[in-house]
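The values are calculated or read from the model by the stated rules, or taken from the named source; none is laboratory data. The structure displayed is predicted, hence computed values, not measured ones. Heads up, the Cβs are rebuilt from the backbone with ideal geometry, glycines too, and the neighbour counts pull from every protein chain shown.
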Amino acid sequence: MNERANTYDDAVIGSSPMMLLVALELANKGRRVCLIDRSESLGGAWETVSIADAVAVEGACHLIEVFPGVYEYLEKASGASFVELDEQPIRIHRSGIHVGYHNRLMLMMSGFRLLAGYTLFSGIRFIQPLRYRDAHLNYKNKLKSFIAHQTPGLFRKARKMKGPEHGFVDFMNRLVGRCMDAGVALRKLDVESVTRSQPGWTLAGRHPADNLVADRVHCTTSTNLTRISEREYSATPRESINRAAVLTRVLRTNVNQSQTYVSFWKDQHITRIARIDSASDSKHLQFLVELRTPSVLQLQNFESIIRKKVCKAKIARDPNLIEVIGSVNCVATRNTDQLPAGEISPGFHGYYSMGNLAAGIASWLKHRETHATYQESAAPDDCVEHHRSAAA
């Protein structure tokens, strides 16, 4: 193992849960791993933010869907317990109709939409291949994942969704802690290019002093890196999305249904509501409301809108007893697949993500033999158990 500074066995680009899991797997095999992110805070879209009186919450509403082996794997990797959600997630149409998240009709509509998108972009990409390449790859990956993992739900009773017993903030803290305990190094670096060098890959930022070298590189398929050749990848500008979320608090005596996750379909103001479990507050339930755009915060009656949406989700009875605690703004990058999954170049590996952690992990577990993390002798479960013993 090369002990020189800025030289590693593996460089993992991005700190989303998917890449934290990859870094942990590699480090548990005894490899020297560097986790790279352009931001000071870890987690990507799953980062923890502070609202109002330093209340730590996730910056967006999250849901880990039902995919084979995912909950079990996450429990072993993070050490967090996953329990069945007491209220299963729902979708709400703008007409007010409530539909179960894994309703067969919704699954059929999702499959049809993905098939239509894939068919459309398969045709027009031949007219303008560079412009529509990412969209075509995006629909292709999503359709493959849907066929492999979600079509069985059309023919059998859907399993209940689960979530971390103590919330996503606790889950992320545990996962980051496991990575630190395993010896994963952290580097803040905005990667501008990745080029094949001797003996490995050179990851370059704006300043040469920030460059590092790794034998192998790992990133999600929705990275901002574009493949120039087998030996060169270059960062391309990505569309930024301004997001905002509002934290609300509802008296337990005013709770109608303690919904865990509500997705609003075609609503002009909000996209999702998620319950933020807090064992320290016995009188209230907290709900994070993710807005369609930050401009909603500028509306004169935005607090009234938030209260009405919480009631529309059948969470609360009386909108006047819903307290708006505070809001947070953040900037995200629009997810579009730039790269395929698997070994793209010798020593350069892509991991399917596309904003769906469960789909990414399921794809990873199913095709683990194509990834460098599984080409060592130790199995993933053995690595986790070894890490637990070492930590003890």
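Some values worked out for this structure:
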quantity: Among residues of the stretch 264-294, those that are under 17 Å from VAL99 (Cα atoms) and not in a strand (DSSP E or B), counted; calculated: 2
quantity: Enumerated strands (runs of 3 or more DSSP E) restricted to the stretch 1-100, each holding at least 1 residues that are in contact (Cβ under 8 Å) with a residue 12 or more places away in the chain and touching a Pro at 6+ places or on another chain (Cβ under 9 Å); calculated: 82-84, 98-100
quantity: Residue check, PRO164 closer than 22 Å to ILE13 by Cα and either out of contact with any Cys (no Cβ under 7 Å at 6 or more places or on another chain) or modelled with pLDDT of 90 or more (or both); calculated: no
quantity: Within the stretch 205-216, considering residues that are part of a loop (DSSP other than H, G, I, E, B) and of a type outside the set (S, T, N, Q), the one surrounded by the most Cβ atoms within 10 Å (Cβ to Cβ); calculated: GLY205
quantity: Scope the stretch 245-279; condition among the hydroxyl-bearing types (Ser, Thr, Tyr) and under 26 Å from ASN329 (Cβ atoms); matching residues; calculated: THR248, THR260, TYR261, SER263, THR271, SER278
quantity: Residue within the stretch 192-199 that is assigned by TED's automatic domain parsing to the domain that holds PRO17, crowded, with 19+ Cβ neighbours inside 10 Å and in a strand (DSSP E or B) present; calculated: yes
quantity: Selection from the stretch 101-137 of residues that are outside any helix (DSSP H, G or I), at pLDDT 70 or above and touching a helix residue (DSSP H, G or I) at 6+ places or on another chain (Cβ under 7 Å); calculated: ARG125
quantity: Filter result for ILE276 (at pLDDT 90 or above, of a type in the set (Val, Ile, Thr) and buried (at least 19 other Cβ atoms within 10 Å of the Cβ)); calculated: no
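Here's the yes/no breakdown for (1) in the same structural domain as HIS269 (by TED's automatic domain parsing); (2) under 29 Å from THR253 (Cβ atoms); (3) modelled with pLDDT under 90; (4) in contact with a helix residue (DSSP H, G or I) (Cβ under 8 Å, 6 or more places away or on another chain):
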{"site": "GLU303", "(1), (2), (3), (4)": "yes, yes, no, no"}
{"site": "ILE306", "(1), (2), (3), (4)": "yes, yes, no, no"}
{"site": "LYS309", "(1), (2), (3), (4)": "yes, yes, no, no"}
{"site": "ILE322", "(1), (2), (3), (4)": "yes, yes, no, yes"}
{"site": "SER327", "(1), (2), (3), (4)": "yes, yes, yes, yes"}
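Here is a yes/no grid of residues against (1) assigned to a loop (DSSP other than H, G, I, E, B); (2) surrounded by 15 or more Cβ atoms within 10 Å (Cβ to Cβ); (3) free of Cβ contacts under 8 Å to residues at least 12 places away in the same chain:
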position: HIS218; (1), (2), (3): no, yes, no
position: ILE228; (1), (2), (3): no, no, yes
position: SER234; (1), (2), (3): no, yes, no
position: ARG243; (1), (2), (3): no, yes, no
position: VAL246; (1), (2), (3): no, yes, no
position: VAL250; (1), (2), (3): no, yes, no
position: GLN259; (1), (2), (3): yes, yes, no
position: VAL262; (1), (2), (3): no, yes, no
